[in-house]
Amino acid sequence: MALMSCRFYSETLGLSTSMTVILPEETQTQIGMSNRSGGKLHKTLYLLHGLSDDDSIWTRRTSVERYVSEYGIAVVMPNVHRSFYTDMEYGGDYWKFLTEELPAKARAFFPLSSAREDNFVAGLSMGGYGAFKWALTYPERFAAAGSFSGALDMAGHVKASREHAPNRTFELIFGDKDIAGTDADLLALLKRPAEGGERPLLYQSCGTEDFLYQGNIVFRDACLQSEYQLTYHDGPGDHTWAYWDEHIQHFLKWQKLK
């Protein structure tokens, strides 16, 4: 596998930013690795980071480069700071950056497929929210999406924060708006018709000791009443890299990308 740190200018954000990219590489003699390449245009997993992290974190805290080597899939990991993958009320247009500029830039720089069946998105915590938000808003773009310990009941999360412990981050992102029923509310997005009837498969996991567990139950129950097909896992686990390192492997195997 080839591991790249790509620094580039974003017209959307008006600043220089970065993405970390893993590209398939066919090898025969590399010790301890089973590398393969999927073809001229690679299948792509957009892998999203959490609130306190950046585009480098998945490669620093997990063995994701090793995990994807046998699947022949590229991984694109963007940096969106503390934006919750949203066009911020007081900050950058990170939703537009993620959904419009990033894929175009990545495909211009690297040989990545744009076909729906070749594209996947997943993330942890804030990134789990971002992954499902992207997949539910544009279901025609992805074959599958995954959330690991995701902040999935965002409307409830923001409301509770405002009532009990005001959060400066949410003020910068959403201002004083009620996001229930809006494009930022995953529960509302579940109810919207999918263009062309195409819906990505959804994979959701959360540890029962995780502080976001109840929000995951809310999303799970709503999803089971929707037209989306959900694979759900819970069990012992907290908001930790040990849990996410395990479940990114489950997600890759579940998709059967070989």
> Among the GluC sites (Glu not before Pro) within segment 89-150, which fall in a DSSP loop and have no more than 13 other Cβ atoms within 10 Å of their own Cβ?
Replying inline: Glu89
>> Quick check: convex hull of the Cα atoms in segment 33-149, volume per residue, rounded to a whole Å³?
In response: 99 Å³
> Which of Gly181, Thr17, Ile217 sits farthest toward the positive end of the charge dipole of the chain, with +1 on the Cβ of Lys and Arg and -1 on the Cβ of Asp and Glu?
Replying inline: Thr17
> Rounded to the nearest 500, what is the chain's calculated 222 nm mean residue ellipticity when only DSSP H runs of at least 4 contribute -39500 (n - 2.57) each, over all residues?
Replying inline: -8500 deg cm²/dmol
> Suppose every K and R has +1 on its Cβ and every D and E has -1 on its Cβ; what is the size of the dipole of segment 72-188 about the Cα centre, in Debye to the nearest 20?
Replying inline: 280 debye
> What FRET efficiency do you get for Thr240 and Arg168 if R0 is 30 Å and r is their Cβ-Cβ distance, rounded to the nearest 0.05?
Replying inline: 0.75
>> Let me spell out the model: positive unit charges on the Cβ of Lys and Arg, negative unit charges on the Cβ of Asp and Glu, origin at the Cα centre of segment 107-257. What dipole size does that give, in debye rounded to 20?
In response: 340 debye
> Is the shape of segment 87-152 rounded, prolate or oblate, going by the alpha carbon gyration tensor and its root eigenvalues a ≥ b ≥ c, with a/c under 1.5 for rounded and a/b larger than b/c for prolate?
Replying inline: oblate
> Ranked highest first by average number of other Cβ atoms within 10 Å, how do 148-161, 181-194 line up?
Replying inline: 148-161, 181-194
>> Considering all alpha-carbon pairs of segment 2-255, what whole percent are spaced by more than 25 angstrom?
In response: 40 percent
>> Give me P(r) over segment 172-258, computed from all C-alpha to C-alpha distances, binned every 5 Å, as integer percentages.
In response: 3, 12, 18, 19, 20, 17, 9, 2, 0, 0
> With charges set only on the Cβ (+1 for Lys and Arg, -1 for Asp and Glu), what does the dipole of segment 2-255 come to about its Cα centre, in debye to the nearest 20?
Replying inline: 440 debye
> With each label point set 7 Å from Cα along the Cα-Cβ vector, what nm distance links Thr231 and Asp183?
Replying inline: 3.0 nm
> Using mean Cβ contacts within 10 Å as the protection proxy, how do 207-215, 2-10, 43-51 order, highest first?
Replying inline: 43-51, 207-215, 2-10
>> Suppose the chain between His250 and Arg66 were pulled fully straight at 0.36 nm per residue; how much longer would it get relative to their current alpha carbon spacing?
In response: 64.9 nm
>> Sorting check: for 92-98, 173-179, which peptide has the highest mean count of neighbouring beta carbons within 10 Å, and how do the rest follow?
In response: 92-98, 173-179
> Which pairs break 23 Å Cα to Cα here: Lys133/Lys159; Lys105/Lys191; Lys133/Lys191?
Replying inline: Lys105/Lys191
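Values quoted throughout were computed directly from the atomic coordinates according to the rules given, and no laboratory measurement underlies them. Predicted model, so just to flag it, every value in this text is computed and none were measured. Ideal geometry is used to build each Cβ from the backbone, glycine not excepted, and the neighbour counts take in all protein chains shown.
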